[in-house]
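First comes the structure, then the notes that go with it.
The values are calculated or read from the model by the stated rules, or taken from the named source; none is laboratory data. Keep in mind it's a predicted model, so treat the numbers as computed, not measured. Glycine also receives a Cβ, built like all others from the backbone with ideal geometry; neighbour counts cover every protein chain displayed. These area figures cover heavy atoms from the full protein model, side chains too; ligands, DNA and RNA do not enter into them. Shrake-Rupley method; radii C 1.70, N 1.55, O 1.52, S 1.80 Å.
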Protein chains: 2
Amino acid sequence: MRVTASAPAKVILFGEHFVVYGEPALVMAVERRAYVSTEPRADGKIYIRAENVGASGYYSGEGLRTFEAETGGAEAQRRLEPIKVVIEEARRLSGKNLGLNVTVESAIPVAAGLGSSAAVAVATAASAGRVLDLNPSREEIYRMAYEAEKVIHGTPSGIDPAISTYGGTLMYRRGEGVQPLALKVELPLVIGNTGLSRSTGDLVAGVRRLKEKYPSLVEPILKIGGKITAEAVKALETGNLEALGNLMNINHGLLSAVGVSSLPLERLVYAARMAGALGAKLTGAGGGGCMVALTEAGGLGKVARAIEEAGGEAFTATTAKEGVRIEEER
Amino acid sequence: MRVTASAPAKVILFGEHFVVYGEPALVMAVERRAYVSTEPRADGKIYIRAENVGASGYYSGEGLRTFEAETGGAEAQRRLEPIKVVIEEARRLSGKNLGLNVTVESAIPVAAGLGSSAAVAVATAASAGRVLDLNPSREEIYRMAYEAEKVIHGTPSGIDPAISTYGGTLMYRRGEGVQPLALKVELPLVIGNTGLSRSTGDLVAGVRRLKEKYPSLVEPILKIGGKITAEAVKALETGNLEALGNLMNINHGLLSAVGVSSLPLERLVYAARMAGALGAKLTGAGGGGCMVALTEAGGLGKVARAIEEAGGEAFTATTAKEGVRIEEER
């Protein structure tokens, strides 16, 4: 039995960083998927192959503590760890210590703020869960992937595995969980990738330091961020793309104010705006990673070309209405 | 009798745009000067020559309504108008309809947000005032230049002629006038000019439209801008350059949020920050014009070079402790 499951990437439309301090964020699943195939293997080992992070290797022994890299060298174990944690969790829940071959194929840029690792974790949970006869519900898949994220990241918001699991568009607020939003229109969105990876942890820590130094300035900036998300939900409900674009531009400036923009991001943001985008902002942790632009209907090509000419990699971001799903079973 | 007077340029350190809505701004006079020489001429005409705006010509007749361009073509009259208005005001106050030759020589970039036209107006008032035996006080010079600005710009804040007249560093709030600040240390500042001129009026109008559309977002941004200026005054008083730099970066992000930054400005801002500037922001109306960077002591050269390499024209901004002054009289 070989089961392939997939889960989509995500793009944060509003509220990154501010979400850490209890403000709401607006997140959309994007039709770029991570595919994970799982099949049993006879020797009891866990073999994981993830070409998107350039790593493969074998886990074996008591508690899968022995690791032998096949490709990826000294970095391989760290890169495969999130997948292995999901597999361990699935094996624990199923009570079966079955050996598995796990193959990851992902079209989602890595470390670019598009939730690549969460999508892989969610697809792994679905695929391994099926092979291990757990047949997990969406809620159970989400929990497995979230447990893995907790092991890796400490206290993640949980929004990445949520959007990869459920798809669509969600409003999220820490401590309150997710609220699905019904979109009337497909948003014409282009994502531009600077190709530069930065440490999310460092960027989050930088905002925290700034907030501790200048609470009377940064706290009201966070509050405005929350209001922007609320205004954006209204604009989505009425299909007011022009307002959404304006709100993205304001949000981008606030992210610049708290120190998480960069020249490579500004280049792509202004390239998009000058090519007629209704709005553009960095998305995710910032520093490098991606930006997202909202265009008029029919404006996608021109904005994507402008982003490419400014040195970015551009792709159209169609909403992934479906989250995690089983693609193939044989 | 030929009298030459000079007046310095200005740089807004904090609070541009937000000052329109009653928030405080922090402005410094910069040791780049406009020089204006005035001497009587026999034929009763007013001849003005201003090479910095590429215009010269003759005013004559009843109320000086007849204009004959010498250089600068159709644009000459509009460009010389502010100078002519000051001359008219000085003649009115003195009661003498003396003919004058007025020569402007200015090292201040034009339409770059550095207060070039106010510096010229202030130096004109001092120079012509002396030739016309008015011997105006600083307050009277300020008023003449301000009257000229009102004729040209409608309701200007009055901060540009104030800083050119008095020099030093001032806090300004609309309706409350100026408050001189005593700086303990010389600030190591570099100004970078994008070389692009934009319409101040259009940029101010754009902020107003955004505020009218999204009052619940833009009004708190203005308030934070005001708090930044207040924090900056504290940082100046304690000589805390690092805090000043942080405040400049936050201020820049808020200006980006209200839509007055641009890619050429961002290029110079990030070039300065990456070369070790403690902080950098656009200064003045934005769109194009200038940015200003605060460096560590000894960091001026490196930051200036980085700005030049990024395509800007850079110069060190030393505080002009003295405002308007008579340079020569013969």
message: So if I check each of A:112, A:121, A:76, A:69, which one is closer than 27 Å to residue A:157 by Cβ and modelled with pLDDT of 95 or more?
response: A:121
- line: Note on the range B:252-261: residues open to solvent by 10 Å² or more (accessible area, probe 1.4 Å), closer than 15 Å to residue B:290 by Cα and within 7 Å of chain A (Cβ to nearest Cβ) are none
task: Mind listing just one residue for me: the one in the range B:187-232 that is surrounded by 14 or more Cβ atoms within 10 Å (Cβ to Cβ), aliphatic (A, V, I, L, M) and more than 14 Å from chain A (Cβ to nearest Cβ) and, of those, farthest from residue A:251 (Cα to Cα)?
output: B:187
- prompt: Which of the residues belonging to the range B:233-251 are under 22 Å from the mean Cα position of the chain (by Cα) and either among the aliphatic types (A, V, I, L, M) or more than 10 Å from chain A (Cβ to nearest Cβ) (or both)?
  reply: B:233, B:236, B:244, B:245, B:247, B:248
Scope the range B:174-209; condition at positive phi and part of a strand (DSSP E or B); matching residues: B:177
- line: Residues of the range B:253-263 being under 16 Å from residue B:193 (Cβ atoms) and touching a strand residue (DSSP E or B) at 6+ places or on another chain (Cβ under 9 Å), in sequence order, are B:261, B:262
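Restricting the range B:68-83 to residues that are touching a strand residue (DSSP E or B) at 6+ places or on another chain (Cβ under 6 Å) and surrounded by fewer than 21 Cβ atoms within 10 Å (Cβ to Cβ), which is farthest from residue B:35 (Cα to Cα)?
Top of the filtered list is B:68.
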- request: Give the residue that is nearest to the other protein chains (Cβ to nearest Cβ), with candidates limited to residues of the range A:268-277 that are more than 12 Å from residue B:262 (Cβ to Cβ) and surrounded by fewer than 24 Cβ atoms within 10 Å (Cβ to Cβ).
  value: A:275
field: The lone exception for residue B:62 - which of (1) free of Cβ contacts under 8 Å to residues at least 12 places away in the same chain; (2) within 20 Å of the chain's Cα centre (by Cα) it fails
entry: (2)
- prompt: Quick check: is even one residue across the range B:314-322 within 14 Å of chain A (Cβ to nearest Cβ), touching a residue at least 12 places away in the same chain (Cβ under 8 Å) and either within 17 Å of residue B:11 (Cβ to Cβ) or open to solvent by less than 20 Å² (accessible area, probe 1.4 Å) (or both)?
  reply: no
Residue check, residue A:283 under 23 Å from residue A:108 (Cβ atoms), more than 14 Å from chain B (Cβ to nearest Cβ) and surrounded by fewer than 24 Cβ atoms within 10 Å (Cβ to Cβ): no
field: Residue pairs meeting the criteria (Cβ under 6 Å; at least 6 apart or on separate chains; first assigned by TED's automatic domain parsing to the domain that holds residue B:285, in the range B:201-214; second open to solvent by less than 40 Å² (accessible area, probe 1.4 Å) and part of a helix (DSSP H, G or I))
entry: B:210/B:218; B:211/B:218
message: For residue A:172, only one of the following conditions fails: (1) modelled with pLDDT under 95; (2) open to solvent by 20 Å² or more (accessible area, probe 1.4 Å). What is its number?
response: (2)
- prompt: Which pairs do you get when a residue that is under 21 Å from residue A:170 (Cβ atoms), found in the range A:183-199, comes within reach of a residue that is at pLDDT below 95 and part of a loop (DSSP other than H, G, I, E, B), reach meaning Cβ atoms under 6 angstrom, with the pair 6+ apart or on two chains?
  reply: A:184/A:239; A:185/A:239; A:188/A:297
